[in-house]
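The values are calculated or read from the model by the stated rules, or taken from the named source; none is laboratory data. In this text, all values refer to a predicted model and were calculated from it rather than measured experimentally. FYI the Cβ positions are ideal-geometry reconstructions off the backbone, even for glycines, and counts take in every protein chain you see. Note: accessible area is taken over every heavy atom of the protein model, side chains too, but ligands, DNA and RNA are not part of it. Shrake-Rupley method; radii C 1.70, N 1.55, O 1.52, S 1.80 Å.
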Amino acid sequence: MMRLDPFAADDAELAAVLGDEPAYRVRQLRGWLRRGVDDPAQMTDLPTGLRERLAECLAPPARVLRHSTADAGLTHKLLLEVGEPGGAEAVEAVLMLYPASGHRRARATVCVSTQAGCALGCPFCATGQAGFRRQLTVGEIVGQVTAMDRRLRDGTIAAPTNAPPDAGQRIPDHVTHVVFMGMGEPLANVEATTAAVRWLHDGEVGLGLSARSITVSTVGLLPGIAKLTELGLPITLAVSLHAPTDALRDDLVPVNRRYGLEALLAACRDHQRSTGRRMTWEYILIDGVNAQPDHAEQLARLLTRRDAPRVAHVNLIPMNPTPAVPWHAPPADQQRAFAAVLTDAGLPATIRDNRGGDIDAACGQLYADYAVGSGRVLPAAAEAWSRLPVDADGAAPGTRTGGGAV
Ligand code: SAH
Ligand code: SF4
């Protein structure tokens, strides 16, 4: 029997599982789930017999395999095992704490995974290198947030004690922001992603987060962007661009061969028209591949075109090391020069701080415990991989020539 995902279930479906129980039990059950208690055994105000029935009928609770911390206690990674025996997968979620500074309020941002692995095979990304294993369910996505939220509320995750409490180290006691930037491509699991966004936003059954504090990051799957547009919530759309031309993007983001830059810009414009929100671009900086001054100039021209969507932020992400390629970030002065070209063109560009590097929790480093190459990748991605300019001796690739990319 397929067990019920309580985060995806409506009241009638939950009532059916609860049987002859009074109607308020649905509310009690939802209250536990919202507080991060997904194990029926811990739902102490439910009768024992009912707890046992729920344990049989509901999807099993996530198991914490490992909790790692970095950045003096401001970054936490949970390795969770989700799913039933036989379909169990390890997934990673990261919590980044930002104490208040100046006028900025303190934040607690969870970066969630939407798939175990990813089929899209972007060569620089550890998740892509591992390949695709399976989709995560709504409960498996949302459960990453509630697991962190519960630990903030009960003090398991607290402000670092190595600074006095008035030194601006105070952190929120609950999750304030969610970014869909962990393992997997959210829009390749679009039904679960949109349901998770709705749950996180819903103030009755879910966490009641404002749509503005939810960001979905995508490589640009156009049908998925259209679904997000239909969702009609003013969430932030973040698109991983990584290259200013189709020729270079075809290699760095193989799915670009299906959905090219012009169509991507048009889909982002539509999303913007309907939500009124400015969007974020993400651009990984890889030394010798996409981070030279002429790439910055091309990027500035592309993003300031009259018909380009309006930009809230260009997030430059210095490449974090991953197992299968010898690529790395350019030197800091080159990163700053790249950012300066964009800001000079009027684009708000910043270089992303590198959280969680020591615990493999930084952008693109999540791959749970999968062996590289153990899953499936899209044929286009596999082909792009085979053409990677990686020297046989593992040296960093030089600047490409040909193909008009550089
Ligand atoms: N699949 C989605 C979301 C997950 S990846 C996407 O690609 O947008 C989140 C961000 O991390 C993306 O911008 C991705 O390109 C970036 N990323 C992947 N590998 C990286 C690496 N090795 N170093 C830095 N950023 C990386
Ligand atoms: Fe998948 Fe995003 Fe990694 Fe590309 S960068 S392989 S889309 S997770």
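Restricting THR322, THR304 to those that are open to solvent by 10 Å² or more (accessible area, probe 1.4 Å), within 16 Å of ligand 1 (Cβ to nearest atom) and assigned by TED's automatic domain parsing to the domain that holds CYS118 reduces the list to THR322. Select from the stretch 345-372 the residues that are over 21 Å from the mean Cα position of the chain (by Cα) and either surrounded by 15 or more Cβ atoms within 10 Å (Cβ to Cβ) or more than 19 Å from ILE284 (Cα to Cα) (or both) and list them in ascending order. Across the stretch 345-372, the qualifying residues are ALA345, GLY346, LEU347. Filtered by the rule that a residue be in contact with an Asp or Glu (Cβ under 9 Å, 6 or more places away or on another chain), modelled with pLDDT of 85 or more and away from ligand 2 (no atom under 16 Å from the Cβ), the stretch 339-373 gives VAL341, ALA345.
None of ARG376, ARG336 is more than 29 Å from LEU95 (Cβ to Cβ), modelled with pLDDT of 80 or more and open to solvent by 50 Å² or more (accessible area, probe 1.4 Å) except ARG376.
Yes/no matrix, rows are residues, columns are (1) within 16 Å of ligand 2 (Cβ to nearest atom); (2) crowded, with 20+ Cβ neighbours inside 10 Å:
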position: LEU80; (1), (2): no, yes
position: GLY87; (1), (2): no, no
position: VAL91; (1), (2): yes, yes
position: ALA100; (1), (2): no, no
position: ARG107; (1), (2): no, no
position: GLN144; (1), (2): yes, yes
position: LEU152; (1), (2): no, yes
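Checking each residue in the stretch 86-144 for being polar (S, T, N, Q) and more than 16 Å from the chain's Cα centre (by Cα) picks out SER101, GLN129.
Residue-by-condition table, conditions (1) at pLDDT 95 or above; (2) outside the structural domain of GLY83 (by TED's automatic domain parsing); (3) aliphatic (A, V, I, L, M):
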site	(1), (2), (3)
ALA130	no, no, yes
THR137	yes, no, no
GLN144	yes, no, no
MET148	yes, no, yes
LEU152	yes, no, yes
THR161	no, no, no
PRO165	no, no, no
ARG170	no, no, no
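The criterion of at least 1 residues that are farther than 23 Å from ASP369 by Cα and touching a Cys at 6+ places or on another chain (Cβ under 6 Å) is met, among helices (runs of 4 or more DSSP H) falling completely within the stretch 1-90, by 11-18. Note on the stretch 61-70: among residues that are open to solvent by less than 50 Å² (accessible area, probe 1.4 Å) and not aliphatic (A, V, I, L, M), the one that is nearest to ARG34 (Cα to Cα) is PRO61. Of all residues in the stretch 294-314, exactly one satisfies the criterion of being closer than 20 Å to PRO123 by Cβ and under 24 Å from the mean Cα position of the chain (by Cα), namely LEU299. Screening the candidates GLY203, GLY182, GLY224 for the property of being of a type outside the set (A, V, I, L, M, F, W, C) and either outside the structural domain of THR146 (by TED's automatic domain parsing) or away from ligand 2 (no atom under 14 Å from the Cβ) (or both) yields one hit, GLY203.
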